[in-house]
């Protein structure tokens, strides 16, 4: 009997203690990917040094026009409408907001959505990757921006498929060894004029990460794909100018920037050494050169470690 009474008393105490425990911080939760299957990263997050400083306040994810966009976590739609001519959806997750653009919304402000709920579809107009489509995913804590990839799972995506009909084509497997010299071929033949690492930007004057390697070669020099893969982006970016993005599988992609004009069209399969464009000086550039980037799981890495 005494033991029984002790148990009856202990249970409410434990419940009260649990109720007083603070909820897990929003930063500790994880997000699911807003696109299926898991997309490649076209451009990674670049933290601005101030409220109005240059930067890339989110990540650009490769997507086809009309692709379904899903909520990265449960929450309440805080905004669904047009900002500066671009269709935007924003979802509040207990103080942390996820933003999606350009997205034709299927939701309205005030809607409560579950993790993975359909928010809308990717639009072509107003996208960062125009004339090809992509989804810009942002993460905000109040007015402060943060890297969405820090909350997105890094493991390979899991897809449930129907047991009927032929099996789906498996995703491409990595063809390159991370950090193994010789894994990539040189995109151009020329000296390195600016290596990967921190530097003072020659146009903006800001101290920031130089997220690739610059090769000093004349305008018009053919640019070759560093490995076999598929072109997932080809268009103009205000900073990188005309650029081509090639996905190689396993979260690895390469980009070729400041091209003289848009290069090989998105959706094209290429081999190592296939010409994808020509050297130019478009975007934030002070002269003819190739800015070559290697992006591994959304993070730029030193290209010379793989050449």
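The values are calculated or read from the model by the stated rules, or taken from the named source; none is laboratory data. Everything numeric here is computed off the predicted structure, so don't read it as measured data. Cβ atoms come from the backbone with ideal geometry, glycine included; neighbour counts cover every protein chain shown.
So here's what we get for this one:
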read-out	value
Among (1) crowded, with 21+ Cβ neighbours inside 10 Å; (2) more than 12 Å from residue 136 (Cα to Cα); (3) touching a helix residue (DSSP H, G or I) at 6+ places or on another chain (Cβ under 8 Å) - the single one residue 94 does not satisfy	(1)
Residues being surrounded by fewer than 21 Cβ atoms within 10 Å (Cβ to Cβ) and touching a residue at least 24 places away in the same chain (Cβ under 8 Å) - total across the stretch 76-86	7
Strands (runs of 3 or more DSSP E) wholly inside the stretch 108-224 containing at least 2 residues that are modelled with pLDDT of 85 or more	118-122, 134-141, 192-194, 213-215, 222-224
All positions within the stretch 22-48 that are closer than 30 Å to residue 210 by Cβ, assigned to a loop (DSSP other than H, G, I, E, B) and either modelled with pLDDT under 70 or in contact with a helix residue (DSSP H, G or I) (Cβ under 8 Å, 6 or more places away or on another chain) (or both)	44, 45, 48
Filter result for the condition that a residue is more than 17 Å from the chain's Cα centre (by Cα) and crowded, with 20+ Cβ neighbours inside 10 Å, over 135, 152, 119	119
Qualifying residues in the stretch 91-107 (those that are touching a residue at least 40 places away in the same chain (Cβ under 8 Å) and part of a strand (DSSP E or B)) - the one nearest to residue 35 (Cα to Cα)	100
